[in-house]
1. Given the Cα atoms of region 1-79, and with Rh set as the inverse mean 1/r over their pairs in the Kirkwood sense, what is Rg to Rh to two decimals?
2. Over region 1-91, what is the percentage of antiparallel beta bridges among all DSSP beta bridges, to the nearest 5?
3. Based on the alpha-carbon gyration tensor of region 31-150, what equivalent-ellipsoid semi-axes (square roots of 5 times the eigenvalues) come out, in whole Å, largest first?
4. What FRET efficiency comes out for residue 132 versus residue 72 if R0 is 25 angstrom and r is the Cβ-Cβ distance? Round to the nearest 0.05.
5. Mind sorting out which of [x] 24.5, 84; [y] 17.9, 64; [z] 16.4, 57 is the real Rg and Dmax of the Cα atoms in Å computed from the coordinates?
6. Sorted from largest down, what three extents in whole angstroms do the Cα atoms of region 100-203 have along their principal axes?
7. Would you compute, from DSSP H runs of 4+ residues alone, the mean residue ellipticity of the chain at 222 nm, taking -39500 (n - 2.57) per run and dividing by the full residue count, rounded to the nearest 500?
8. Any chance you could give the angle, 0 to 90 degrees and rounded to 10, that helix 168-183 forms with the longest Cα principal axis of the chain?
């Protein structure tokens, strides 16, 4: 049995950097690469950070029901390929999705055993500093992202775990602990340790 993780956070909370570091350590864990209609940023690579597609191509995928979940955020679409997630799970790996609360709701409706992780910044002031420090958005865009962040933060209760990204190393350690604890849950271990449990006469 493999686990489907969801990681969500407001823009600028550091989830992408944390996820990158986590994936470098957890070889059994693989991220699903989302599709998006937003423009590629300078430091991003096509089909590595996102599958960048046109609005018409994205809408065509919606019509074909290719998405496990999708949402419109900041005037652009984001979506997770159903086939990609299924393929990773068939490979015997755990999957982690970097999506917002709207997408998380859609996924949980289909995968009841999903493990949700929500990342919050230590303060709204630090969130603003991080957004400004990226140097990628205009002041008006930053203010809009801050406004949207408050809406995103209000959905933290819908997740299983809460991680405060105050110090990067501490937040990364917390994420590692969540992944490890989930791999030892009774539901997962009943499947992975099935042979042992039968040998012990427990099933």
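Read the figures in this text as sums done on the coordinates, not as results from a lab. Everything quoted here is computed from the prediction, not taken from an experiment. Cβ: placed from backbone, ideal geometry, glycine included. Neighbour counts: every protein chain shown.
1. 0.97
2. Around 75 percent of the beta bridges assigned by DSSP in region 1-91 are antiparallel ones.
3. In descending order, the three semi-axes are 26, 18, 14 Å.
4. So the FRET efficiency works out to roughly 0.50.
5. Of the labelled values, this structure produces [y].
6. 64, 31, 21
7. Numbers: 9 runs with 94 residues, N = 203.
So the calculated ellipticity at 222 nm is -14000 deg cm²/dmol.
8. 30
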